[in-house]
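Okay, so here's the structure we're looking at.
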Amino acid sequence: MQGGGRHMKIPFERTLVGAYRFAFTNLLSIFGIAWFPFAIVGCVAVGLFYSLLPVLNTVFSTTMDKWDETQAVPFLSSMFGALALLIVVVFVAHAMVMVGLMRKALGQQPEPVYFYFSLGAPVWRMIGAYALLLLLAWGATIAFAVGIGLIVIGFSRVSQLAQSIVTFVLMVTAIFGGIYAFVRVQFFLPAVVVAERHIGLRRSWNLGRGNFWRIVGITILVTLPAYIVFSTCLSIAMQIALAGHTAKLAAFNAHAMNGSPTPAEMREYFMTIVAVLKSSWPILVLLELVYFAALIGLSAGAIATAYNLVNGQSGDAPVVGAAKAGT
């Protein structure tokens, strides 16, 4: 299928089968592509956590009752700075891994992959596509907010009831319209970027036409099972890590239920959590790495399979340099 002609529906069952087939038959390559970029994310996260320990110790120290705005500014700036850096690293790593997995899923990389790191043109195109999508989303949000605000102000001069009704209708329409647009344009975007070698928001939008609910269903069925398994494993790991501290944490929770805990109790609770994280962070990072690798592998398999099918290919056929329709 090309351009703005007929719009093919995503074959739901075949796409799901293709996603899980790709994930399970390319398990080693998926982890080979994902482990190093996500390991960098994990190391950055751990490093930021340790760098923030002095600030966090100040917050939960016994002098917390003397907390004032002079302490709040460096605390918040440190937290937001660390969070911003982590978001950038995650953003780049996700784009990098998605490019590697899409190349594998689309048949551009038939050989097994055990290590992957790239900052080549495809990765920058993927970063640019995601960044442009987010900018458009933010721009549309601001524009709708301003427009709705002006309309609401106008109706406020007519009737309070009319204002309330119009506000509700416009907000619901904007929210669901935004979700629809975002889901429709983002699903095929990685495949378009890798297979067609351009930032194809319009092309991705065209491919998603008439497939909103199929995309939603596919997304749920490839992400929910992985999340359930991950949550179960994480819960078991945390229970094991907290085994020697349950009495102390239970006492703190009991005090918290009966009133505000003292600064000393807050500090003891915080130090207990830090001790648990220090002892268990390798297994937690490993679980996160496995989870994100499995999740993005399933997602890449679903996207590549759906892209092949709506372009008239068999679900597992390679697509290399498809026509740039819709540009």
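The values are calculated or read from the model by the stated rules, or taken from the named source; none is laboratory data. Predicted model only: the values in this text are computed from it and were never measured. Neighbour counts run over all protein chains shown; Cβ positions are idealised from the backbone, glycine included. SASA here: full protein model, heavy atoms, side chains in, ligands and nucleic acids out. Shrake-Rupley method; radii C 1.70, N 1.55, O 1.52, S 1.80 Å.
With Ala162, Ala143 as the choices, which residue is loosely packed, with under 12 Cβ neighbours inside 10 Å and either free of Cβ contacts under 8 Å to residues at least 12 places away in the same chain or touching a strand residue (DSSP E or B) at 6+ places or on another chain (Cβ under 6 Å) (or both)? Testing whether each residue is loosely packed, with under 12 Cβ neighbours inside 10 Å and either free of Cβ contacts under 8 Å to residues at least 12 places away in the same chain or touching a strand residue (DSSP E or B) at 6+ places or on another chain (Cβ under 6 Å) (or both) leaves just Ala143.
Of all residues in segment 98-126, those that are within 15 Å of Ala195 (Cα to Cα), open to solvent by less than 40 Å² (accessible area, probe 1.4 Å) and hydrophobic (A, V, I, L, M, F, W, C) total 8. Within segment 215-233, which residues are closer than 22 Å to Phe24 by Cβ and open to solvent by 30 Å² or more (accessible area, probe 1.4 Å)? Across segment 215-233, the qualifying residues are Thr219, Ile220, Leu221, Thr223, Leu224, Pro225, Tyr227, Ile228, Val229, Ser231, Thr232, Cys233. Candidates are the residues of segment 27-42 that are over 19 Å from Leu106 (Cβ atoms) and in contact with a Phe, Trp or Tyr (Cβ under 6 Å, 6 or more places away or on another chain); the one that is most open to solvent (accessible area, probe 1.4 Å) is Phe36. Within segment 91-114, residues that are under 16 Å from Trp35 (Cα atoms) sit with their Cβ atoms under 9 Å from residues that are part of a loop (DSSP other than H, G, I, E, B) and open to solvent by less than 20 Å² (accessible area, probe 1.4 Å), at 6+ positions apart or across chains, in these pairs: Gly100/Val113; Lys104/Val113.
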